[in-house]
Every structure is written in structure tokens, then in C-alpha cells.
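Reviewing the structure listed below.
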Amino acid sequence: MSVKPGTLYGVGVGPGDPELITVKAYRLMQTAPVIAYPNKRMGSKSYALEIVEMYVDPAEKTMLGLVFPMTKDPQLLQQHWTDTVAKVWSYLSEGQDVVFVTEGDPNLYSTFIHMSRLMQKEYPEVNIVSVPGISSVNAAASQLGLPLADGDEVVAIVPANHDQEAMRQALRMHDCVVFLKVAKVLDEMIEILEDMQLLDKAMVCSKVTSSGERIWKNVRELQGSSLNYLTLMVVRK
């Protein structure tokens, strides 16, 4: 008699503050036998795992660390993803539910998005459920005391990159823009904002709501700085 596969849950555990998880996320972490979490490299501490460990005893669960290498080599990525999905499937195929925890929300620039797509492709019999979480975008608005959009205003969420014209266009077209992962292009963004006379409308958050949170309301002072990967910028006209 074949075993019905377990369910794969993509669970958002919020931006950093352990209290910013949903009741549903808490329940699933308590009941699921397997908790998978993302790591950038072997031995590194997962940001999401730090939150999870506030609520579960790792000794009572199968804790499945999944390494997602920071590389753009397509062949290496493909092989790694294939192996990772197969590793998760090995538990699902035994009828065990797997909770894949991710910082923020599982459907907003999350590792779970690709995990879900590949799982559906390779093992279509698996039931996949996502549980929304509070994103760093929402958390930043709260910490800054800044509404993202009101009335007919338009807000954009943009991964910051070196395409300066695209960054300028985003600022022209929207009342509020949240630039994610801005650290790698911080000096360029400051230059753009200065040129567009929007520098005083910008604020920067790093590791928002976590114990390591930092906020800068004077963005000029960040010129030449090296900030954490989990840094975003909010520009509100």
C-alpha cells in the first residue's frame, strides 16, 4: 500500500522580531515533524532558524538545513536545486509534513518560490501550501512610522540594481518605492536621489525589527558605507 505524501508548507516567519509570526505559523512549526530552513553555506546560522528556535526544540524535530549557494553558475545551481528538492522529497514521500521556513513572506522574493515550482514539476503529487508572513517591507513602514500608500497613491517594490535608468523610472512613476537589497548599489542610489532632489525623502533600514536593526533617516551619511545584505531603502515622495 502506497503512502500518501506529506504536505510541503512554505511558512513566513517574519522580518526578524520573533513575535512577528502568525498563529498558523506557530501551530505548523509545533506539529510538523520536519522543519527545513535555508542556509547560504554549510555551518552558517540561518536568519529564519534563529526565529524558529524561539518556538521549537530542535531535539524534538528533524531539522533540515538546506544550503543555497550564492552563485550564478546555471549548471551548479540546477544540480544543487535538484539535489535539494530530492532531499525534501525523501521526507515527504514517507508521509511526513515538511515546514520550509523563510524570513518575511514565502511569496515575496523568497527561496520557497523556486522550491515550490521545482517540487511541483518533479513530484506533482505533493500538496503545497504557503502561509503568509510579515515582510520586511511592511516591517520597515511600521518602524519608520511611514505609510506606504494612501488613497490613490501607487507603491512599488523594486530589487535595487545597477540599471540607473530603471531605478530613476521607478521613482518617477510611483509615490513610494521600496528598494530591496540596496546595500550593493547604495552609493549609486544616493547619487540618483540627490540628482532627483529626493534624498530628503529617503530612509534606510537594515535587519528591520531584529535585535540587530539599524535605521538611518539621514541617508547622506551612508555614502561609502558597507551595509548588511538585508538592507532596504524607502523613498516616500
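Some observations on this one:
- Among the conditions (1) at pLDDT 85 or above; (2) open to solvent by less than 60 Å² (accessible area, probe 1.4 Å), the only one that residue 69 does not satisfy is (1).
- Residue within the stretch 196-217 that is more than 22 Å from residue 162 (Cβ to Cβ), under 23 Å from the mean Cα position of the chain (by Cα), β-branched (Val, Ile, Thr) and open to solvent by 50 Å² or more (accessible area, probe 1.4 Å) present: yes
Residue by residue, here is whether (1) among the acidic types (Asp, Glu); (2) within 30 Å of residue 54 (Cα to Cα); (3) modelled with pLDDT of 95 or more holds:
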| position | (1), (2), (3) |
| --- | --- |
| 180 | no, yes, yes |
| 190 | no, no, yes |
| 199 | no, no, yes |
| 202 | no, no, yes |
| 206 | no, yes, yes |
| 212 | no, yes, no |
| 222 | no, no, yes |
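- Filtered residues of the stretch 88-108 (kept if open to solvent by 40 Å² or more (accessible area, probe 1.4 Å), within 19 Å of the chain's Cα centre (by Cα) and touching a residue at least 60 places away in the same chain (Cβ under 8 Å)): 103, 107
- The stretch 218-237 - residue that is among the aliphatic types (A, V, I, L, M) and in a loop (DSSP other than H, G, I, E, B) and, of those, least open to solvent (accessible area, probe 1.4 Å): 227
The values are calculated or read from the model by the stated rules, or taken from the named source; none is laboratory data. This is a predicted model, so every value here is computed, not measured. For neighbour counting, all protein chains shown are included, and Cβ atoms are generated from backbone atoms with ideal geometry for every residue, glycine included. The area values use the complete protein model at the heavy-atom level, side chains included, leaving out ligands, DNA and RNA. Shrake-Rupley method; radii C 1.70, N 1.55, O 1.52, S 1.80 Å.
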